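Scroll down for the structure; my scribbles are underneath it.
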Protein chains: 2
Amino acid sequence: MAVTIRDVAREARVSVASVSRALNGSPAVTDETRQRIASIAARLRYVPHSAARSLITKRTQTIGALLPDLYGEFFSELIRGIDLAARAKGLHLLVSSSHGDADEAAAALRAMQGRVDGMLILSPHVDAEFLRANLPESTPAVLLNSALKSTQFDVLNIDNYGGAHAMTRHLLDAGHAGVAFIGGPDDNFDAQQRERGYREAMAAFAPKATAKIVAGDFSEESGYHAGRVLAKDSKPVRAVFAANDMMAVGCLRAFAEAGLRVPQDVALAGFDDIPIARYITPALTTVRVRIADLGRSALESVATAIEKPGRARNAAQTLACDVVVRASSRDDGRPTKPV
Amino acid sequence: MAVTIRDVAREARVSVASVSRALNGSPAVTDETRQRIASIAARLRYVPHSAARSLITKRTQTIGALLPDLYGEFFSELIRGIDLAARAKGLHLLVSSSHGDADEAAAALRAMQGRVDGMLILSPHVDAEFLRANLPESTPAVLLNSALKSTQFDVLNIDNYGGAHAMTRHLLDAGHAGVAFIGGPDDNFDAQQRERGYREAMAAFAPKATAKIVAGDFSEESGYHAGRVLAKDSKPVRAVFAANDMMAVGCLRAFAEAGLRVPQDVALAGFDDIPIARYITPALTTVRVRIADLGRSALESVATAIEKPGRARNAAQTLACDVVVRASSRDDGRPTKPV
DNA sequence: AACCCGGATGAAAACGTTTACATTTCACCG
DNA sequence: CGGTGAAATGTAAACGTTTTCATCCGGGTT
């Protein structure tokens, strides 16, 4: 049924070996025969059977991506970055996402076994034990946004610390001496780093002020509660830095209800630059994460890990973030309009 | 290096055929030997070489998804639906997205050749000719959101028409006799269907009123311009239905600048239910599209097309939408708060 | 006791490539 | 003109499965 290398060989009156060589660009074949074979292959619409090739070469030209249940923008951007880089390298992308728990993730990881040359892993369930049990050590892998320190895998993180540090500094620079922080879940790696960035920036640039931290869990609701707490506080704050945008949105709602004006009475900032951030009123100052870059870098790391198996692992890399200043931290009377 | 079926066979003192049978659940093997083989396979961490298997079975257990350059939420939800359904069926998902033009899409489609058992195709560049040239007719495929009428492939569409029809009716029901429409790009299939839904609902439920349509192109800017046009109009409208949410957002901004209050002076509705919709002020009434369902249905269609190659194609299916009523079309004094 | 039948197992072919090794060809040199 | 070596091409093994067909074995039937 399907046309194989034999059909091409017969038609071109050469051996299958020559066809293989011609099509794979081996130098050991005349330009003339290469031409003939190529044109015949094209005419017959021959396409090599990838399974047969994989069987002998032990390469699938495919990278697997293991992702948790991610929200909209982040997921899209990450895949975009990965996909673009993969296509540039001629690699395919096998995706398995939406894993609710560690068992699902483990099953998915094992199912990819042998179908991929390397893996991109982003999952809150991943720890050293998990990997040892579910990932053959021969498989190159890159861990995204993981607290894990591994010599076996590359680790690629967002610079949560740097972003939070810079944002805290921005709020202090704008003259808001008292900056409060709304934290994320205790066990969340991103949240921990962001809080650390806040603390250290406070210590460095406002040594006299004390850091003030309200607990949250990244949900809008928790931001709302934190906002109520802060609004009622005896010592009013001049600026609030939420560990993510959703909490900032909730906090904004609480402030509105309490009659606090943003940014006139209190400045507000978030983290992530979700699409909503620029459309709420006032538009939210936040930290933009270059998610597509994260995906691209991750793919490139795993690609080189595949090409050069012996090479030393990178130290854990981090990817820079940008502070994006919008109306919520800018009391200068400019109209609130999407940036 | 890697453990093969031979290693398991040797260890179990049995032929490779028996191992294959035992592991694939063939009835022609004693429960006792099956047990023994299974436990040995587990102990050796044997995992069948998928390429070798594909070579002989002609199946890859993989579905390919060809997607254009999609924006955040839509992409994520679609993949989520596809991914979940794929996992339920034990299928893998090969993704190729972010295609800017027809040539890129064609290249990606051809590259997937032989690596997948079936395809999910969502692309503005797809027409009959494109498919004939790039998709082997033996490959089962499902077209998403395509204007194409094909007997060869299943086609799965969002019920743009029904959603727009229902929304127009909702706006009319609320007493807003004059409903204007902001259209999308002329060549866009979704936009055409939505406009048709609006027109026919107007003709059916408000035969005396004339349909009033302002051109747009799905961008926020175009919504803003349309809003200015509508605000200045000599005959003021009581309700505006934008063909997508982004234009509704732009329109809202124009109305705010013109001093028009939403919903008191004019009701406003969009289409898509993007995440932003519920966070703007007032929250936007819109049509929710069940994107994950679209993905799930598409995957299930292609899966059955693979399992039962001979069966008759479905007529083009459409997936229902829901009208989501929020503050922007509800002048009842309820507080504006996320739903 | 000869026969047959069905169930469990094994031997080997087949899938479509790549590649190590063998063979042919041919120009060039002594 | 035979020999040499490099370049081009061919032959066949190998990759790890699944599956067809053959074999073996035990028990029931005649």
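When you scan the range A:68-76, do you find a residue that is within 30 Å of A:Arg53 (Cα to Cα) and out of contact with any Lys or Arg (no Cβ under 9 Å at 6 or more places or on another chain), even just one? Steps first, answer last, please.
From the range A:68-76, those within 30 Å of A:Arg53 (Cα to Cα) are none; that's our starting set.
No, there is no match, as no residue in the range A:68-76 is within 30 Å of A:Arg53 (Cα to Cα) and out of contact with any Lys or Arg (no Cβ under 9 Å at 6 or more places or on another chain).
Taking the range A:1-18 on its own, how many of its residues are near DNA strand C (Cβ under 7 Å from one of its atoms) and open to solvent by less than 80 Å² (accessible area, probe 1.4 Å)?
The first filter runs over the range A:1-18 and keeps only residues near DNA strand C (Cβ under 7 Å from one of its atoms), leaving A:2, A:4-6, A:16-17.
Now restrict to residues that are open to solvent by less than 80 Å² (accessible area, probe 1.4 Å): A:2, A:4-5, A:16-17.
The total comes to 5.
When you look at A:Ala65, is it closer than 28 Å to B:Leu55 by Cβ and away from DNA strand C (no atom under 16 Å from the Cβ), yes or no? Working first, answer last.
On the way: closer than 28 Å to B:Leu55 by Cβ: yes; away from DNA strand C (no atom under 16 Å from the Cβ): yes.
When the stated conditions are applied, A:Ala65 passes them.
State yes or no: is B:Pro140 more than 14 Å from chain A (Cβ to nearest Cβ) and open to solvent by less than 40 Å² (accessible area, probe 1.4 Å)? So B:Pro140 passes the test. Whether any residue in the range B:139-158 is over 19 Å from B:Leu70 (Cα atoms), more than 19 Å from the chain's Cα centre (by Cα) and modelled with pLDDT of 90 or more is what I want to check. Checking the range B:139-158: at least one residue is over 19 Å from B:Leu70 (Cα atoms), more than 19 Å from the chain's Cα centre (by Cα) and modelled with pLDDT of 90 or more.
Right, A:Arg59: in contact with a strand residue (DSSP E or B) (Cβ under 9 Å, 6 or more places away or on another chain), open to solvent by 20 Å² or more (accessible area, probe 1.4 Å) and either basic (Lys, Arg) or more than 9 Å from chain B (Cβ to nearest Cβ) (or both) or not? For A:Arg59, the condition - in contact with a strand residue (DSSP E or B) (Cβ under 9 Å, 6 or more places away or on another chain), open to solvent by 20 Å² or more (accessible area, probe 1.4 Å) and either basic (Lys, Arg) or more than 9 Å from chain B (Cβ to nearest Cβ) (or both) - is not met.
For the range B:159-177, enumerate the residues that are over 17 Å from the mean Cα position of the chain (by Cα) and either open to solvent by 30 Å² or more (accessible area, probe 1.4 Å) or at positive phi (or both). Selection gives B:His165, B:Ala166, B:Arg169, B:His170, B:Asp173, B:Ala174, B:Gly175, B:Ala177.
Checked against the criterion of being within 11 Å of chain A (Cβ to nearest Cβ) and either more than 42 Å from the chain's Cα centre (by Cα) or open to solvent by less than 50 Å² (accessible area, probe 1.4 Å) (or both), the candidates B:Ser76, B:Ser39, B:Ser26 yield just one match: B:Ser76.
Just to be sure, is B:Ala52 small (Gly, Ala, Ser), open to solvent by 60 Å² or more (accessible area, probe 1.4 Å) and either touching a residue at least 40 places away in the same chain (Cβ under 8 Å) or within 16 Å of DNA strand C (Cβ to nearest atom) (or both)? For B:Ala52, the condition - small (Gly, Ala, Ser), open to solvent by 60 Å² or more (accessible area, probe 1.4 Å) and either touching a residue at least 40 places away in the same chain (Cβ under 8 Å) or within 16 Å of DNA strand C (Cβ to nearest atom) (or both) - is not met. Sub-7 Å Cβ pairs linking a first residue in the range A:1-14 that is within 14 Å of chain B (Cβ to nearest Cβ) to a second residue that is of a type in the set (Phe, Trp, Tyr) and open to solvent by less than 80 Å² (accessible area, probe 1.4 Å), at least 6 apart or interchain, are A:Val3/A:Tyr46, ordered by first then second residue.
Screening B:Val95 with (1) within 7 Å of chain A (Cβ to nearest Cβ); (2) open to solvent by 60 Å² or more (accessible area, probe 1.4 Å) gives one miss only, at (2).
In this structure, is B:Ser98 at pLDDT below 95 and in contact with a strand residue (DSSP E or B) (Cβ under 9 Å, 6 or more places away or on another chain)?
Values: at pLDDT below 95: yes; in contact with a strand residue (DSSP E or B) (Cβ under 9 Å, 6 or more places away or on another chain): yes.
Yes, satisfied.
The values are calculated or read from the model by the stated rules, or taken from the named source; none is laboratory data. Just so you know, these numbers come straight off a predicted model, no measurement behind them. Positions of Cβ are backbone-derived with ideal geometry, glycine not excepted, and every protein chain shown enters the neighbour counts. SASA here: full protein model, heavy atoms, side chains in, ligands and nucleic acids out. Shrake-Rupley method; radii C 1.70, N 1.55, O 1.52, S 1.80 Å.
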